[in-house]
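> Please see the structure below; I have some questions.
Read-outs: derived from the displayed coordinates by stated rules, not from any lab. Computed from a predicted model, the values in this text were never measured in an experiment. Reconstructed Cβ throughout: ideal geometry from the backbone, glycine too, with neighbour counts over all protein chains shown.
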Amino acid sequence: MKKAYIIVGIIGVIFVVGAGMLVYSKTSLNQPQQGNVSGLAKKTTLGSKPKVRASNLEAPWSLIFYKKSALVSLRDSGEIREVLANKKTRVIGTVAGVEHGGEAGLLGMAVSDRSKQPYLYVYYSTDKDNRIVRYKLHGRSGHLSLGQRTLLLSGIPHAANHNGGRLAFGPDGMLYATTGDAGNPANAQKRTSLGGKILRMTAAGKVPSDNPFKGSLVYSYGHRNPQGLAWSKDGTMYATEFGQDRWDELNKIEAGHNYGWPTYEGKTRKKGFTNPVQQWKTLEASPSGMVFEKGVLFIANLRGTSIRAVAVSNLASSVNYFRGRYGRIRDVTVSPKGELWFITNNTDGRGSPKSNDDRVLSVPLIQQK
């Protein structure tokens with residue numbers, strides 16, 4: 001009798017496991033070019049056929065939305081372009097003083113439209129430092145223009161590489177900026193340096209009274225070259241970071257924490273440092289822009305030539321979309337209609353441009369039952 005129960009039990013286990021594998025396989029087939037990563041939330045996936053929204057852009061870096069308008073920053077020329085419905089773009093303004101060299105130039109953007117007067121914030125390189133300025137933003141979609149400019153912050157360490165450059169407003173209404181170590185790793189551990197940090201400031205560029213270090217814009221430190229910022233629904237902050245030789249990182253950012261660079265790259269057991277929640281070999285990732293939507297962090301990958309998806313319910317796993325299909329991908333955002341938009345980055349000097357590169361593309365976010 002015992003043998004009979006054991007046999008029935010084994011058959012039952014095999015049936016349950018087999019059914020689970022079948023459901024997972026069907027789900028995986030609906031997610032183009034993803035890896036078989038167990039535990040990732042299956043309710044959100046990307047469509048398989050991105051739509052071209054604009055093309056023939058030179059070294060685009062940041063992609064954001066202001067109301068219905070998609071705005072793109074061009075690193076080398078300093079231009080900010082508005083994407084139009086006819087797949088063309090128009091210049092809404094050129095940031096004065098931009099000096100391009102290597103990875104430096106016009107980088108991140110963010111919009112604040114909580115007051116009657118909307119502002120466009122930009123992060124850019126001069127010949128001596130990196131700066132954050134804001135412009136009054138005028139006009140309606142299709143007719144936007146830049147107005148009066150105000151300098152918020154200067155003196156951020158600058159070099160031909162490792163300039164950070166991402167800007168984003170958090171759910172607390174504060175402006176966050178990622179800065180690189182500017183090729184000098186020691187900057188990252190010096191709390192007196194603005195390099196190798198995530199900075200937090202008011203919309204006017206002032207130090208918030210509740211920052212972790214009194215009188216300082218520094219929110220977290222020990223970063224090499226962070227370039228992606230996003231917040232999950234519960235307000236948890238995440239950042240992507242370029243490693244040097246071994247590990248690129250996805251970090252959960254907490255006020256005042258030290259993320260290890262240059263003492264450590266990737267995970268460590270050493271006390272006093274905060275480990276990444278996920279890490280990837282540098283050849284497989286180079287994570288830049290990031291956005292959170294419907295429970296998932298979507299990350300633009302340069303060397304990895306993909307959009308990586310990480311469910312916040314399972315931060316140790318990830319899947320990849322469109323690997324190798326569009327080349328280097330620099331930034332990703334979500335439109336007011338809930339579509340995922342992204343920009344390629346094949347004309348930045350490190351890619352292999354194809355006809356009509358670089359491009360802005362969009363793809364629907366599909367909610368599975």
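> Using C-alpha positions alone, give me the convex hull volume of segment 57-216 per residue in cubic angstrom.
On the way: hull volume 16.4 nm³, N = 160.
It comes to 102 Å³ per residue, whole-number rounded.
> May I pose another question? For the chain, what ratio Rg/Rh do Cα atoms give with a Kirkwood hydrodynamic radius?
Expressed as Rg/Rh, it is 1.02.
> Next up: What list do you get for Tyr259, Tyr66 if you sort them by fewest beta carbons within 10 Å? It would help to have the intermediate numbers written out before the result.
Working: Tyr259 26, Tyr66 20.
Going from least to most buried by this count: Tyr66, Tyr259.
> Follow-up question, since we're still on this one. Just order 112-120, 248-256, 177-185 by mean Cβ neighbour count inside 10 Å, highest at the front, would you?
Details: 112-120: 14.8, 248-256: 20.4, 177-185: 24.4.
Put in order of decreasing packing, that is 177-185, 248-256, 112-120.
> Further, regarding this structure: Could you run the Karplus curve 6.51 cos²θ - 1.76 cosθ + 1.60 with θ = phi - 60° over segment 298-309 and give me ³J(HN,Hα) per residue in whole Hz, x for Gly and Pro?
Rounded to whole hertz, the list is 9, 10, 7, 10, 7, 5, x, 6, 7, 9, 9, 10.
> Continuing with the same structure: Evaluated at 10 °C with a viscosity of 1.306 mPa s, what Stokes-Einstein diffusion coefficient in µm²/s does segment 42-123 have when Rh comes from the Kirkwood expression over alpha-carbon pairs?
Roughly 113 µm²/s, to the nearest whole number.
> Can you give the direction-averaged projected area of the convex hull of the alpha-carbon atoms in segment 178-252, in nm²?
Values: hull surface 21.8 nm².
Averaging across all directions leaves 5.4 nm² for the Cα convex hull.
> So how far, in whole Å, is the C-alpha centre of segment 55-114 from the one of segment 143-216?
19
> Taking segment 266-350 as the region of interest, what is the percent of Cα-Cα pairs per 5 angstrom bin, listed from the shortest bin to the one with the maximum distance?
Per 5 Å bin, starting at zero, the Cα-Cα P(r) for segment 266-350 comes out as 3, 15, 23, 22, 17, 11, 6, 3, 1 percent.
> Among the listed pairs Lys51/Lys337; Lys49/Lys233; Lys43/Lys68, which have their C-alpha atoms separated by more than 19 angstrom in this model?
Distance filter (> 19 Å) returns Lys49/Lys233; Lys43/Lys68.
> In nm, give the distance between the simple-model label positions of Asp127 and Ser145, each being 7 Å from the Cα along the Cα-to-Cβ direction.
The two pseudo-label positions are separated by 3.0 nm.
> Report, in debye and to the nearest 20, how large the dipole of segment 141-261 comes out about its Cα centre when Lys and Arg carry +1 and Asp and Glu carry -1 on their Cβ. Present the calculation step by step, with values, prior to reporting the outcome.
Working: 12 positive and 9 negative charges, 67 e Å.
In total the dipole reaches around 320 debye.
> Provide the descending list of Cα extents for segment 304-369 along its principal axes, expressed in whole angstroms.
39, 29, 15
> If we count every other residue with Cβ under 11 angstrom of Gly289's Cβ, Lys/Arg +1 and Asp/Glu -1, where does the sum land?
+1
> Can you tell me which of Gly243, Gly108, Gly155 moves the most in a GNM of the chain? Springs connect C-alpha atoms under 10 Å apart.
Gly155
> Considering only Ala239, Ala104, Ala85, give the residue with the highest GNM mean-square fluctuation for the chain, with springs between Cα atoms whenever their separation is below 10 Å.
Of Ala239, Ala104, Ala85, the most mobile in the Gaussian network model is Ala85.
> Here's another thing I want to ask about it. If a/c stays under 1.5 just call it rounded; otherwise compare a/b with b/c (prolate if a/b is bigger, oblate if not). Do that for segment 199-302, with a ≥ b ≥ c from the square roots of the Cα gyration tensor eigenvalues.
Working: a/c = 1.89, a/b = 1.27, b/c = 1.49.
Judged from the Cα gyration tensor, segment 199-302 comes out oblate (a/c at least 1.5, b/c at or above a/b).
> To continue, here is another question. For the chain, give the magnitude of the charge dipole about the Cα centre (Cβ charges: +1 Lys/Arg, -1 Asp/Glu; no others), in debye to the nearest 20. The partial results should precede the final answer.
Working: 51 positive and 26 negative charges, 217 e Å.
Here the size comes out at about 1040 debye.
> Using C-alpha positions alone, give me the convex hull volume of segment 246-306 per residue in cubic angstrom.
Here the figure is 98 Å³ per residue.
> Using a Förster distance of 22 angstrom, determine the FRET efficiency expected from the C-beta separation of Lys271 and Asn314, and round it to 0.05.
Calculated value: 0.25.
> Taking the chain as a Gaussian network, Cα atoms linked when under 10 Å apart, which of Ser288, Ser125, Ser355 shows the biggest mean-square fluctuation?
The residue that fluctuates most here is Ser355.
> Within straight cross-link reach of Lys206, meaning Cα distance under 15 Å, which aspartates and glutamates are found once same-chain residues fewer than 8 apart are removed?
Within the straight-line limit of under 15 Å, Lys206 reaches these aspartates and glutamates: Asp172.
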